[in-house]
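The values are calculated or read from the model by the stated rules, or taken from the named source; none is laboratory data. Remember, predicted model here, so these are calculated numbers, not experimental data. Note that each Cβ is placed from the backbone with ideal geometry, even for glycine, and that neighbours are counted across all protein chains shown.
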Amino acid sequence: MGIKSFKELQDKVVNLSPKRAVVAAAHDKDVVESIIKSIQFNIVKYPVLVGDGKKIEEILKRLKADLNDFEIVDSVSDEDSGKISVKYVKEKKCDILVKGKLETVFYLKPILDKENGIKKSGILSNLTLFEMPSYHKFISVTDNAIIPVPTMEEKIQIIKNTKVLYDALNIDMPKVALLSALEVINSRVESTIDAACITQMSLRGQIKGFVIDGPLSYDTAIDKRSAESKKLKNNDVAGDPDILIVPNLESGNILGKAYKFHANALSGGVVLGADVPVVLNSRSDGSERRFNSMLIARAIADVVENHN
């Protein structure tokens, strides 16, 4: 049985040895709170907080944290914070990279740098993991933050990037739904063609380790009765997907926010495809979501390390 909730994920992670994290632009209360909580739950140890050193110290003192539990590195700008943080990972001083209060461009640019970056796979892709009362297990949406309109080849890599997460969640053959507006192939709707090709590649053993089906409209993907009403009986994915591959960033972003505001979803996010887990939270995210992201990052850290 795989891990189905953040509580189950936390139960697993707290029994692992802590990893060292580095936070880019850590001068924010919610960011620091999530790191303090991660220390308390034995997820991270002696984290590196990069950013406005004076503000970071003020926040730590306000939260009654022991400054000796942290390495504080002063930086002159968000751009500098991103570069310094990635350097800590590149030099193998840290195992998890975390986005603090800085613009995404200053965070991703040093990660993608050809000489000094830490990109490992063909692409980086963002995944958000959701837990909500209306669904019986975790469900993830990808890519919803990095690749605007992925090609078919990029969608295949997005799927493959998720392997480290589902290994960490103890799910051997995660089920992948390739979403579109339709559940039939239409030559005028490119996402249906991509989905059909990827599904066929999976059936022929060209993509291993997943159960893949598509194109699937959202209702046929998420609800077995809807799938059966549209003549998709005995479908292994319909009604039980682990992963939703969206046709573009916009649809993924909208779907994720709908889960958050209308489905009471708990969530956490991670960027896959780098040398280490990369936490990519929105600057508006609170400490709870940031902590969930740290749980995900710690869970996959050992898997990523073993794959390197």
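Cβ-Cβ under 6 Å, sequence separation 6+ or interchain: first residue in the range 18-44 and over 17 Å from A299 (Cβ atoms), partner of a type in the set (F, W, Y) and surrounded by 19 or more Cβ atoms within 10 Å (Cβ to Cβ). Which pairs?
Final answer for the pair search is V22/Y88; A24/Y107.
Exactly one condition in (1) among the polar types (S, T, N, Q); (2) buried (at least 21 other Cβ atoms within 10 Å of the Cβ); (3) part of a loop (DSSP other than H, G, I, E, B) is not met by S140; state its number.
Failed condition: (3).
If you scan the range 230-274, which residues turn out to be modelled with pLDDT of 95 or more and of a type in the set (D, E, K, R)?
D240, D242, E250
Are there any pairs with C-beta distances below 6 angstrom linking a residue in the range 237-253 that is without any contact (Cβ under 8 Å) to a residue 60 or more places away in the chain to a residue that is in a loop (DSSP other than H, G, I, E, B), with the two at least 6 apart or on different chains, and if so which?
Close Cβ pairs (under 6 Å, with a partner that is in a loop (DSSP other than H, G, I, E, B)) amount to G239/D223.
Just checking, does the range 115-135 include any residue being free of Cβ contacts under 8 Å to residues at least 60 places away in the same chain, polar (S, T, N, Q) and either surrounded by 16 or more Cβ atoms within 10 Å (Cβ to Cβ) or in a loop (DSSP other than H, G, I, E, B) (or both)? Don't jump to the end; show me each part of the working.
Pass one, the range 115-135, residues free of Cβ contacts under 8 Å to residues at least 60 places away in the same chain: 115-117.
Those left that are additionally polar (S, T, N, Q): 116.
Then drop every residue that is not either surrounded by 16 or more Cβ atoms within 10 Å (Cβ to Cβ) or in a loop (DSSP other than H, G, I, E, B) (or both), which leaves 116.
Looking through the range 115-135, at least one residue is free of Cβ contacts under 8 Å to residues at least 60 places away in the same chain, polar (S, T, N, Q) and either surrounded by 16 or more Cβ atoms within 10 Å (Cβ to Cβ) or in a loop (DSSP other than H, G, I, E, B) (or both).
Residues checked against (1) surrounded by fewer than 14 Cβ atoms within 10 Å (Cβ to Cβ); (2) assigned to a loop (DSSP other than H, G, I, E, B):
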{"site": "G2", "(1), (2)": "no, yes"}
{"site": "E8", "(1), (2)": "no, no"}
{"site": "S17", "(1), (2)": "yes, yes"}
{"site": "V31", "(1), (2)": "no, no"}
{"site": "N42", "(1), (2)": "no, yes"}
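Among what's in the range 179-217 and is part of a helix (DSSP H, G or I) and within 23 Å of L165 (Cα to Cα), pick the residue that is farthest from the chain's Cα centre (by Cα).
Filtering first and then ranking leaves L203.
Only one of K137, K93 is assigned by TED's automatic domain parsing to the domain that holds S38 and of a type outside the set (V, I, T); which?
That would be K93, the only listed residue that is assigned by TED's automatic domain parsing to the domain that holds S38 and of a type outside the set (V, I, T).
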